[in-house]
Amino acid sequence: MIEFTGVSKRYGDTVAVDSISLRVEAGEVCVLIGPSGCGKTTTLKMVNRMLNASSGVITIDGRDVASLPVEQLRRSIGYVIQSVGLLPHLSVRDNIAIVPRLNGVDRRTRYKRADELLDLIGLDPAQYRLKYPHELSGGEAQRIGVARALAADPPILLMDEPFGAVDPLNREVLQTEFLRLQRALKKTVMFVTHDLDEAIRIADTVILIKDGRIVQHATPEQILARPRDQFVRDFVGKDRALKRLSCFAVRDYIRQARQISQQDVAAYSNGEHDEEPVVWVNGPAGVLVGVLQRITAQSGAAALSAGARASFRMISLKPEDVGVAPMSSMKEALSRLLGQGMRAVPVLDERNCIIGEVRLPDIEELNQAVL
Ligand SMILES: Nc1ncnc2c1ncn2[C@@H]1O[C@H](COP(=O)(O)OP(=O)(O)OP(=O)(O)O)[C@@H](O)[C@H]1O
Ligand SMILES: [Mg+2]
């Protein structure tokens, strides 16, 4: 657990951090966000004493960081910086193993550790261990930066805009990977970003900072639903209702889906159906292949004739275009739904078989809480 009590940092007359108090629980991802120059990096750097606080106390598990020897302190804290900071003349594995080397770990052990970490971050050790930084893409270099911070297995990670230099698409890949890693490793993380979507995606709690002070410290969902003041409201933007949908996972809103197999389409079409549920159609091996659509009678006379039956035809669907996974966010479900112009989205397993569906009224209800 990391705790700040009345911590300030002054540079002459400039107050970079102004008496902040906060707590980051063990295993939590705490995201610091706010305008440029508000004091995020300064806050982070005081934890491992790359900067010393001007006043106030920072403790880690109850121990004042000012009282710990700096080397011992930094050994328990991994630090990832925005510019990655890989050493150009060292291979990937030597970059990753740099802290273990400083700690006197023998070569065999630290190279083994470097390979393990490459595996962990999703890069093939055989292919990457001997590469040099200039042979890496931006995203790969960022991953190596994360691996290096993890090399000594520290319980705490400080990450200063670790994915800031990566294009939006690759950034999402890195965020997903970070979440997967974090689920397994459960580090205590302080993470700085400019990107609200990134904060919403990865944070357990978000700290919004302005002029060196904490404006709001809450879960992403709370910040979006109940911004404390106009500054927060402006910061999170007009589409906060939509953004807030990213905080909810599809798996919590799955409803039973009506589904029939492809052979039964004709029989279904001839049956009596009062209400109009969404009916999904499964092909061989239960894989989603389409959805039924009601064919409305063309002429008024036909529509009026007594006992007229609805008839249906199947519209073909590509599961990967229409479906969402249980892990997807409700925001993704909504964008799929709007993209397809349907009232429900199928929730699919890895084989593209239907688990259930997410319905528009459920998404609308979630949004009502904000509007
Ligand atoms: N060495 C320094 N001397 C004087 N002022 C400094 C120094 N370092 C930072 N500052 C000032 O402290 C304030 C906070 O800086 P900090 O780097 O923490 O901001 P930040 O929130 O990380 O910004 P960004 O999002 O641009 O990285 C800024 O006003 C900055 O100009
Ligand atoms: Mg900064």
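The values are calculated or read from the model by the stated rules, or taken from the named source; none is laboratory data. Just so you know, these numbers come straight off a predicted model, no measurement behind them. Positions of Cβ are backbone-derived with ideal geometry, glycine not excepted, and every protein chain shown enters the neighbour counts.
Residue-wise test of (1) assigned by TED's automatic domain parsing to the domain that holds Gly290; (2) hydroxyl-bearing (Ser, Thr, Tyr); (3) farther than 29 Å from Ala26 by Cα; (4) more than 16 Å from ligand 2 (Cβ to nearest atom).
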{"site": "Val192", "(1), (2), (3), (4)": "no, no, no, no"}
{"site": "Arg228", "(1), (2), (3), (4)": "no, no, no, yes"}
{"site": "Asp234", "(1), (2), (3), (4)": "no, no, yes, yes"}
{"site": "Leu242", "(1), (2), (3), (4)": "no, no, yes, yes"}
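Would you check if Leu157 is out of contact with any Asp or Glu (no Cβ under 6 Å at 6 or more places or on another chain), in contact (Cβ under 8 Å) with a residue 24 or more places away in the chain and not in a helix (DSSP H, G or I)? Lay out the reasoning, then the answer.
On the way: out of contact with any Asp or Glu (no Cβ under 6 Å at 6 or more places or on another chain): yes; in contact (Cβ under 8 Å) with a residue 24 or more places away in the chain: yes; not in a helix (DSSP H, G or I): yes.
Yes, satisfied.
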Selection within region 177-200 - under 23 Å from Ile77 (Cα atoms), of a type outside the set (Gly, Ala, Ser), more than 16 Å from ligand 1 (Cβ to nearest atom) and not in a loop (DSSP other than H, G, I, E, B): Glu177, Phe178, Leu179, Arg180, Leu181, Gln182, Arg183, Leu185, Thr188, Val189
Among residues of region 160-181, those that are in contact with a helix residue (DSSP H, G or I) (Cβ under 8 Å, 6 or more places away or on another chain) and in contact (Cβ under 8 Å) with a residue 40 or more places away in the chain, counted: 5
Any hit, region 4-24, residues being away from ligand 1 (no atom under 15 Å from the Cβ), acidic (Asp, Glu) and farther than 22 Å from Arg143 by Cβ: no
Qualifying residue in region 169-187 (condition: among the acidic types (Asp, Glu), assigned by TED's automatic domain parsing to the domain that holds Gly6 and at pLDDT 90 or above): no
Residues satisfying the stated conditions in region 16-45, i.e. aliphatic (A, V, I, L, M) and within 16 Å of ligand 2 (Cβ to nearest atom): Ala16, Val17, Ile20, Val31, Leu32, Ile33, Leu44
Yes/no for Leu130 being touching a helix residue (DSSP H, G or I) at 6+ places or on another chain (Cβ under 9 Å), under 14 Å from Ala97 (Cα atoms) and part of a helix (DSSP H, G or I): no
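Would you please name the residue that is surrounded by the most Cβ atoms within 10 Å (Cβ to Cβ), looking only at residues in region 326-366 that are among the basic types (Lys, Arg) and in a loop (DSSP other than H, G, I, E, B)? Write out each step before concluding.
Step one: filter region 326-366 for residues among the basic types (Lys, Arg), giving 331, 336, 343, 351, 359.
So of that shortlist, the ones also in a loop (DSSP other than H, G, I, E, B) come out as 343, 351.
Values: Arg343: 13, Arg351: 10.
Only one residue fits best here, namely Arg343.
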